[in-house]
Amino acid sequence: MAIDPELIHALHLSVEDHAAATADPAAAHRAFQTSTVQALIDSRYEGDLSVGELLAHGDLGLGTIDGLDGELVVVHGQAFVARADGSVAPVADDVRTPFAVVTPFAPGTPRPVKGLAHDALLATLDSLSTRPVHAVRAHGHFSRLRVRSVPRQHPPYPPLDAVTAQQVEWEIGPVDAVLVGFRFPSLATGLEVPGWHLHALADDRRSGGHVLIADLDHGTIELDTVTEVHCELPPGVEIAAPADDLADRIHAAETQANDAAPEGPSR
Ligand SMILES: [Zn+2]
């Protein structure tokens, strides 16, 4: 995977292997990532890092768990998984994750917001962003919240686009919920999901998933500037050969998924 030198300058990106990783759980404005989106595209769905270890690096974030068994949501230092059957469950510390990003969330002043449909919500987040990378927490009442998740995969693992073609989408709103996630620049493609990547968890902890559409009726937005990304690579995952068609492959996978997605459980 190619990583743009600009990104490295923008982020003070550090890439280390597991053994060399230095954990500083108290470090604010630092995001910690295990593995890469490219590794997922290469069908590496087996977790390397335990969720317990992940939580030592941050209290807010997202990702997936072993075998792509749902969407990982980390809120207030607690990890939950939203599965493709519509269920949500706490994640035990010994469960492993093949891809996740967390940060010790240290936001600025919460901003009250009202009547933000999905695009307006993202535009508002963009307008409040001062750096290429931000972490966000948006809490409130969502008049609409459409999410997706993917079913657990078993070896031999199919390619990611085949998995996302089986993704399940459903509506969990109107609902009181929190969205957590990150904005990464497009030049982080391959390392991260570019743009705003948000996962949702309902306040009653009974529904959630990867956010497709979020219309925020009223609530608060909190943003944290991320100035450093610490990327820990599992053994065998490298950042090396360029994959020029990566963005196209991600786009193709998402487009295909959106066309093919079956309607999920209604809750
Ligand atoms: Zn996601």
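What follows is calculated from the coordinates using simple rules that are stated; it is not laboratory data. All of these numbers come straight from a predicted model, not from anything done at the bench. All Cβ positions, glycine included, derive from the backbone under ideal geometry; neighbour counts span all protein chains shown.
The charge dipole of segment 119-161, taken about its Cα centre with unit charges on the Cβ atoms of Lys, Arg (+1), Asp and Glu (-1) only, comes to about 200 debye.
Packing, taken as the mean count of other beta carbons within 10 Å per residue, orders the peptides 140-149, 62-71 from highest to lowest as 62-71, 140-149.
Please label the shape of segment 97-200 as rounded, prolate or oblate, based on the square roots a ≥ b ≥ c of the eigenvalues of the alpha-carbon gyration tensor (a/c under 1.5 means rounded; beyond that, a/b larger than b/c means prolate, else oblate). Oblate. The share of Cα pairs per 10 Å bin across segment 95-148, counted from zero up to the longest distance, runs 16, 46, 31, 7 percent.
For a modelled paramagnetic label at residue 29, 7 Å from Cα along Cα-to-Cβ, the residues of segment 181-225 in reach, with backbone nitrogen under 19 Å, are 182-185, 222-225.
Sorting 180-186, 166-172 by their mean Cβ neighbour count within 10 Å, with the most densely packed peptide first, gives 180-186, 166-172.
Computed about the Cα centre, the dipole magnitude for segment 114-195 is approximately 180 debye when only Lys and Arg (+1) and Asp and Glu (-1) carry charge, each at its Cβ.
Judged by the ratio a/c of the largest to the smallest principal axis of the C-alpha gyration tensor, segment 25-89 counts as oblate, that ratio being 1.5 or greater while a/b is no larger than b/c.
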